[in-house]
1. Checking the condition outside any loop (DSSP other than H, G, I, E, B), facing chain B (nearest Cβ under 10 Å) and farther than 30 Å from B:Phe234 by Cβ, which residue from A:Met26, A:Met126, A:Met122 passes?
2. Checking the structure you have, find out if any residue of segment A:74-93 is touching a Gly at 6+ places or on another chain (Cβ under 8 Å) and buried (at least 17 other Cβ atoms within 10 Å of the Cβ).
3. Is there a residue being surrounded by 14 or more Cβ atoms within 10 Å (Cβ to Cβ), assigned to a helix (DSSP H, G or I) and either within 10 Å of chain A (Cβ to nearest Cβ) or at pLDDT 90 or above (or both) anywhere in segment B:5-12?
4. Out of curiosity, is B:Lys160 surrounded by 15 or more Cβ atoms within 10 Å (Cβ to Cβ) and more than 10 Å from every other protein chain (Cβ to nearest Cβ)?
5. Has segment B:261-268 got at least one residue that is of a type in the set (Gly, Ala, Ser), closer than 24 Å to A:Tyr234 by Cα and either assigned to a helix (DSSP H, G or I) or assigned by TED's automatic domain parsing to the domain that holds B:Ile130 (or both)?
6. Quick check on my filter: what residues within segment B:96-134 are at pLDDT 80 or above, surrounded by 21 or more Cβ atoms within 10 Å (Cβ to Cβ) and either under 12 Å from A:Pro29 (Cβ atoms) or more than 7 Å from chain A (Cβ to nearest Cβ) (or both)?
7. So, in segment B:55-81, exactly how many residues are part of a helix (DSSP H, G or I), farther than 19 Å from B:Phe33 by Cβ and among the polar types (S, T, N, Q)?
8. Just checking, how many residues over segment A:31-53 are modelled with pLDDT of 90 or more and either small (Gly, Ala, Ser) or farther than 22 Å from B:Ile108 by Cα (or both)?
Amino acid sequence: MTREKKRAFMGYLVVLPALLLFALLMFYPSVQAFFDSFTNYSLYNQVPGFIGTDNYEVLLTDPDFWELFGRTLVLVGLAVGLQYVLGVTLALLLNENLKGMRWVRYIIMIPWVIPVVSTVVMYDWMVLPDYGLINMLLKNIGLGHLTRYWFGDPAFAFPLIVTMHVWRNMPFYAITLFAGLKSIPKGFYEAAEIDGANAWQRFFHITLPQLKYPSMIVIVLHVLWTFNNFDFIYLSTGGGPVGSTEVLATKVYETAWSYFEYGKASALGILMMALMLVFSLAYVKLVRSDQA
Amino acid sequence: MKKKNNLVLKYFLLILFAVFILLPFIWILYSSFRAEVDLFAGTFFKNEKPLSFENYRDVFSSGQTAAFGTYFKNSLIIASISTAIVVFAALFGAYALSRFRMKYKDGIIITMLLSNMFPQVLIVIPLFGILFSMNLIDSYLGIIVTHIVLGLPFGIWLIKGYFDSIPYEIDEAAMIDGLRPFGVLWRIIIPITAPGMVVAAFYAFMVSWGDFLFASVISQSLDTQTLPIGLNKFFGSTQIRWGAINAATVITIIPTIVLYAFLQRWVVEGLTAGSVKG
């Protein structure tokens, strides 16, 4: 073996344990799930039988599936949209030289580092029927008739879930975009000012275009995160009330672990994966084309 | 005058953001010190009993939440071990991917990162069968290996970025001076990439500490159940004891916040580095 080859061999050897772990716990399960999705594998059919594309046909012709699909997209769109708009606003604020800003920059990331389950408990504690903070505040300002268990109301449970998503991830946008803002050359703004551009024009013609790359990254990452996220909904409403917060991810979990219909659950998960794969490939292409 | 108005507006917005972000924390922290009678008296600040650590004592002793200590111990063991292994494996993996001339190197990195985008609710279904056949269901090891896989791609990618920023000439100079590749790693590269390792460790810990999905399927008994599982159990029971649950939630949050407090400078830098420079 030449020295070069020996070095490459050593390289593979060093990455091998990580790769094996991945193969065993990520790729093999994905392939397995793909095959399971063509079977009637369930708790009652422990020896799965091949049923072709039945699972997919049942799913795709079921109006419930399309309702879940639509709701998932609405959740992703609303959460990511709000996160981005608020994230940019907060990033611009962080970029100001105000007193105490160092502390603000530190504190805003805290929602992101804590477990999702604790966020759910905190929110539930705030929206309890009679003694939750929100309802107590409403009563105190004379809006007692509006009080309710906000997670238990079909009209408000979904917005509340969007709120939790925004609360957790918006700071991440702010910090990332803030770093992006700092890397915009000051000269751009000086030149624009000399040309007589006002604050809005500077924002739309310099700031936003210069933030294009970090924006795309945070948005794509959070589209994936929000689309795949299951614990916010499962832990807070369990998909209720009356299915008003059920999304694809929670449906997969319930189909597998409450109804034990693994084949059907796999088919639903594979559909999710296919959608996100298309999305991810677009993302890789984006990263690559930017590096080239 | 206009400048001044602007400043007022900025502070106003900043305060709105701060309230939005901090309110849930402040409210639960305050509530965790209030006696149960006061939690359900419908008052904000008027308390019949003085604020105390009673709820915290309750978490560990009362019937419903008595297992909290065990959950905490399980979480601590699982998160610490998986974090240590992620950092170790990420360091070597990143070194190899950055320094050795390998085919398919980009492919390896990209597939690893992409795998984090698979729906976890899907992966966990066959994963149960795989872990079952390896006798790893309801074991620390079963949860630990899963958490390693969750934390590793980001770790490798992040640390590789630090390796890539060290010119290869430094390695070469050291090797001419007689150091072998791994000698270079220990003496030169680790000190320079320390910030990256800190962030990778923090991320791995955070992921493991917060994971509900995988633990909910792999854990079957008190022997392995982690904090998120336990907290959800208290929270889902019919007679919710809010005093104890608020205290339990605060205790669950604290380790991540304390770690973040120590490491925040590096964490923020590490997280944003990739998305800015690309």
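The values are calculated or read from the model by the stated rules, or taken from the named source; none is laboratory data. Quick caveat: nothing in here was measured; it's all calculated off a predicted structure. Every residue, glycine among them, receives a Cβ derived from its backbone with ideal geometry; neighbour counts consider all protein chains shown.
1. A:Met26
2. Yes, that holds for at least one residue.
3. yes
4. Against the criterion (surrounded by 15 or more Cβ atoms within 10 Å (Cβ to Cβ) and more than 10 Å from every other protein chain (Cβ to nearest Cβ)), B:Lys160 qualifies.
5. Within segment B:261-268, not a single residue is of a type in the set (Gly, Ala, Ser), closer than 24 Å to A:Tyr234 by Cα and either assigned to a helix (DSSP H, G or I) or assigned by TED's automatic domain parsing to the domain that holds B:Ile130 (or both).
6. Within segment B:96-134, B:Ser98, B:Phe118, B:Pro119, B:Gln120, B:Val121, B:Leu122, B:Ile123, B:Val124, B:Ile125, B:Pro126, B:Leu127, B:Leu131 meet the criteria.
7. Of the residues in segment B:55-81, 4 are part of a helix (DSSP H, G or I), farther than 19 Å from B:Phe33 by Cβ and among the polar types (S, T, N, Q).
8. Number satisfying all stated conditions: 6.
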